[in-house]
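The values are calculated or read from the model by the stated rules, or taken from the named source; none is laboratory data. On a predicted model such as this, the values are computed, not experimentally measured, just so you know. Counting neighbours? That spans all protein chains shown, and the Cβs are built from the backbone with ideal geometry, glycine included. SASA here: full protein model, heavy atoms, side chains in, ligands and nucleic acids out. Shrake-Rupley method; radii C 1.70, N 1.55, O 1.52, S 1.80 Å.
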Amino acid sequence: MGVVKVGRYPLVPFFTLYMILFLYLPLLPHSVHCQCTKTPIIFNFGDSNSDTGGYADGVGLNFAPPNGRTYFHQPARRLSDGRLMIDFLCESLNTDYLTPYLNSLGPNFTNGVNFAIIGSATLPRYVPFSLFVQVSQFLRFRSRSPALMLNGYKDLVGNEDFENALYTIDIGQNDLAASFDNLTYSQVIERIPSFITEIKNAIWNIYEKGGKKFWVHNTGPLGCLPQKLALLARNATELDEHGCLQPLNNAAKTFNAQLRVLCEQLRRELINVTIVYVDIYSIKYDLIANASNYGFESPLMACCGNGGPPYNYNANINCGRTGYTVCHEGSKFISWDGVHYTEAANAIFTSKILSTHYSTPQLSFNFFCNNM
């Protein structure tokens, strides 16, 4: 599969991308795309997997091309060639994409707020923009928004809408990734309960302010990221049958098992609360392990990066920096830049999320739409 130098990349061929979306999104139940009686309200907390511009707004920059080339046809403050899972989930509710909390230029928060920021983790607690900081931002918004609306401000969220809102959480990948930079496997495993505790505290704090509907993603197969495969020392015995690093994936599985137990515990403890646990790990690993069945190739190689096969990842020449290369047919790659996913991959991830087959309990966004 050839790559081309920066400045010469084509847009993803429309037909190729269209066929992927055409083949997989229509497989969803007809009830997935719904018409809510009221504007659905979503508050999202997380990292780069769901940051729709918070980091760019916070530091005052935009990402360089070819980011955003597929759907937006220009950099769109997301680390992808196009839409993220949270964008597709919003589309499933027929609502606008979420506005970042840090957007100060004419923001519209009528359908919720996106607190997710690139690089965020659960710990350290007081470092921007940890999960604790994101929830603190939400609590301030929760306090101020209804009061401002009473004073005539628009494009905010009313008091009653906070109880009917959906609270989505997708965080933990960066905690594990950073831990492996300087800790042994056993030390990383020992830290996982502290990450889970931060997620527990976040849900409790939101619940105490009226939150009742939670949508919690577990973390994906960290050991399948081209970045990790390119940078971490390894031997053949550490790789599974699909070429992924088993220690990192096993740590992700341990994190996910504890997160699932937490969700089960909170369902018993919290009154009149719905908590949906979504197995993102299985969704992503299935696509990587069976890439050819979905029309993808080179599942462990970044579309945009530097270095060529097998991973096309160079920590000193990231996607968009001088010297990067980018694939001709981005829709046939799963990894966009070695860490983040292509729009085509995100579309398939979302189709599986909305199928409810990976959710506990098996409730889709349609349930929340009808109950908002």
Self-check item: Candidate residues R234, R69, R125: accessible-area rank, largest first, probe 1.4 Å
Solution: R234, R125, R69
Quiz item: For the chain, what relative contact order do you get, as a whole percent, if you take Cα pairs closer than 8 Å and at least 6 residues apart?
Solution: 22
Quiz item: Under a point-charge model restricted to the Cβ atoms of Lys and Arg (+1) and Asp and Glu (-1), what is the dipole moment magnitude of the range 28-180 relative to its Cα centre, in debye to the nearest 20?
Solution: 260
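How do K284, K332, K209 rank by accessible surface area computed with a 1.4 Å probe, from largest to smallest? The partial results should precede the final answer.
Numbers: K284 5, K332 60, K209 105 Å².
Largest accessible area first, the residues go K209, K332, K284.
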Quiz prompt | Accessible area of R140 in the full protein assembly, 1.4 Å probe (Å², nearest 10) | solution = 150
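How big is D, in µm² s⁻¹, for the chain by Stokes-Einstein at 20 °C and 1.002 mPa s if Rh is the Kirkwood radius over C-alpha pairs?
Values: Rh = 20.9 Å.
Reported coefficient: 103 µm²/s.
What does the charge count around K352 come to, taking other residues whose C-beta lies under 13 Å from its C-beta (Lys +1, Arg +1, Asp -1, Glu -1)?
Numbers: positive: K284; negative: D279, D286.
Spelling it out: positives minus negatives among the neighbours equals -1.
Relative to the compact-globule scaling 2.2 N^0.38 Å, provide the ratio for the alpha-carbon radius of gyration of the range 96-193. Working shown, then result.
Working: Rg = 16.6 Å, N = 98, 2.2 N^0.38 = 12.6 Å.
With N residues counted in the range 96-193, Rg over 2.2 N^0.38 Å equals 1.32.
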Self-check item: Per-residue SASA entry for K200, accessible area with 1.4 Å probe, Å² rounded to 10
Solution: 60
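In the chain, what percentage of the DSSP-assigned beta bridges are antiparallel, given to the nearest 5? Can you show the working numbers first?
Working: 9 of 28 bridges.
DSSP beta bridges in the chain are roughly 30 percent antiparallel.
Would you compute, from DSSP H runs of 4+ residues alone, the mean residue ellipticity of the chain at 222 nm, taking -39500 (n - 2.57) per run and dividing by the full residue count, rounded to the nearest 500? It would help to have the intermediate numbers written out before the result.
Details: 12 runs with 142 residues, N = 372.
For the chain, the value works out to -12000 deg cm²/dmol.
Would you list the membrane-span-like helices of the chain, meaning whole DSSP H runs whose alpha-carbon atoms span at least 20 Å along their axis and whose mean Kyte-Doolittle value is at least 0.5?
Working: long enough: 131-150 (29 Å, 0.56); 185-207 (34 Å, 0.11); 246-269 (34 Å, -0.73).
Answer set is 131-150.
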Quiz item: What share of all Cα pairs of the range 89-132, in percent, falls into each consecutive 10 Å distance bin?
Solution: 27, 38, 31, 4
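Considering only protein heavy atoms, what per residue accessible area in square angstrom results for the chain with a 1.4 angstrom probe? Before the final figure, lay out the partial values.
Details: 15300 Å² over 372 residues.
That works out to 41 Å² for each residue.
Under a Cβ-only charge scheme (Lys and Arg +1, Asp and Glu -1), can you give me the dipole magnitude of the chain about the Cα centre, in debye to the nearest 20? Don't jump to the answer; show the numbers that get you there.
Numbers: 27 positive and 28 negative charges, 78 e Å.
About 380 debye.
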Quiz item: Carbon and sulfur: what percent of the chain's accessible surface (1.4 Å probe)?
Solution: 53
Quiz item: Can you give the relative contact order of the range 84-211 as a percent, counting alpha carbon pairs under 8 Å and 6+ residues apart?
Solution: 23
Quiz item: How much accessible surface area, in Å² rounded to 10, belongs to the heavy atoms of T322 with a 1.4 Å probe?
Solution: 130
Quiz item: How much FRET efficiency would the formula 1/(1 + (r/R0)^6) give for A289 and A236, where r is the Cβ-Cβ distance and R0 is 22 Å, rounded to 0.05?
Solution: 0.75
Quiz item: Do any GluC sites (Glu not before Pro) in the range 183-262 lie in a DSSP loop with no more than 14 other beta carbon atoms within 10 Å, and if so, which?
Solution: E208, E241
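Given a cut-off of under 8 Å on Cα pairs at least six residues apart, what relative contact order in percent is computed for the range 177-316?
On the way: 150 pairs, mean separation 40.8, N = 140.
Computed value for the range 177-316: 29 percent relative contact order.
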Practice problem: Please give the FRET efficiency for Y185 paired with Y126, using the beta carbon to beta carbon distance and R0 = 25 Å, rounded to the nearest 0.05. | Solution: 0.35
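Compare W204, W215 by solvent-accessible area with a 1.4 Å probe and give them largest first, with all protein chains kept in place. Mind dumping the intermediate values first?
On the way: W204 75, W215 0 Å².
Result, largest first: W204, W215.
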